[in-house]
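I have a structure I would like to understand better, so I am pasting it below and will then ask my questions one at a time.
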């Protein structure tokens, strides 16, 4: 069973996505911060991480930079409420090996397609 880690400081977004993917038979865990995301990736080696860019504490990009120091192979999809090209985050994330960008509000058809394709 594929392991998915959902990182978002908005509990409703986190739980909505988690429930959606549990129904698709994925092993889903969630966390509200970049700091705990780093620890979860170290401890549980998920197959895929859905990582929000803007969070309290360290950002998703900062968390990804830390994750890449010890795990260069975990697949990552960034979730953002803003256009990535607005603040140069797109180029930064691409340099860190991000597979895809998903924009909020989340569209279930897009989310499902991107996540399930990444896990194939």
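Could you go through the range 37-57 and let me know if any residue there is more than 13 Å from the chain's Cα centre (by Cα) and buried (at least 16 other Cβ atoms within 10 Å of the Cβ).
No.
I'd like to know if the range 53-74 contains one or more residues that are outside any loop (DSSP other than H, G, I, E, B), touching a helix residue (DSSP H, G or I) at 6+ places or on another chain (Cβ under 7 Å) and within 20 Å of residue 120 (Cα to Cα).
Within the range 53-74, none of the residues are outside any loop (DSSP other than H, G, I, E, B), touching a helix residue (DSSP H, G or I) at 6+ places or on another chain (Cβ under 7 Å) and within 20 Å of residue 120 (Cα to Cα).
Being within 13 Å of the chain's Cα centre (by Cα) and surrounded by fewer than 19 Cβ atoms within 10 Å (Cβ to Cβ) is the filter; apply it to the range 19-32 and report the residue that is farthest from residue 112 (Cα to Cα).
32
So, one more: Filter the range 19-35 down to the residues that are within 20 Å of residue 63 (Cα to Cα) and either in contact with a strand residue (DSSP E or B) (Cβ under 8 Å, 6 or more places away or on another chain) or part of a strand (DSSP E or B) (or both) and list them by number. Lay out the reasoning, then the answer.
Pass one, the range 19-35, residues within 20 Å of residue 63 (Cα to Cα): 28-35.
The answer is 28, 29, 30, 31, 32, 33, 34.
Another one. When only residues in the range 106-120 that are more than 17 Å from residue 7 (Cβ to Cβ) and in contact (Cβ under 8 Å) with a residue 12 or more places away in the chain count, which is surrounded by the fewest Cβ atoms within 10 Å (Cβ to Cβ)?
So the first thing to find is which residues in the range 106-120 are more than 17 Å from residue 7 (Cβ to Cβ), and the list is 107-110, 112-113, 116-117, 120.
With the extra rule that they be in contact (Cβ under 8 Å) with a residue 12 or more places away in the chain, the set shrinks to 108, 112, 116.
Working: 108: 10, 112: 14, 116: 14.
The selected residue is 108.
Next question. Quick check: anything in the range 77-92 modelled with pLDDT of 90 or more and in contact with a helix residue (DSSP H, G or I) (Cβ under 7 Å, 6 or more places away or on another chain)?
For the range 77-92, residues modelled with pLDDT of 90 or more and in contact with a helix residue (DSSP H, G or I) (Cβ under 7 Å, 6 or more places away or on another chain): present.
Check residue 96 against each of (1) within 19 Å of residue 115 (Cα to Cα); (2) at pLDDT 90 or above and name the one condition it does not meet.
(2)
The values are calculated or read from the model by the stated rules, or taken from the named source; none is laboratory data. Note that the structure is predicted; figures quoted are calculated from it, not measured. Methodologically, a virtual Cβ is constructed for each residue, glycine included, from the backbone with ideal geometry; neighbour enumeration extends over all protein chains shown.
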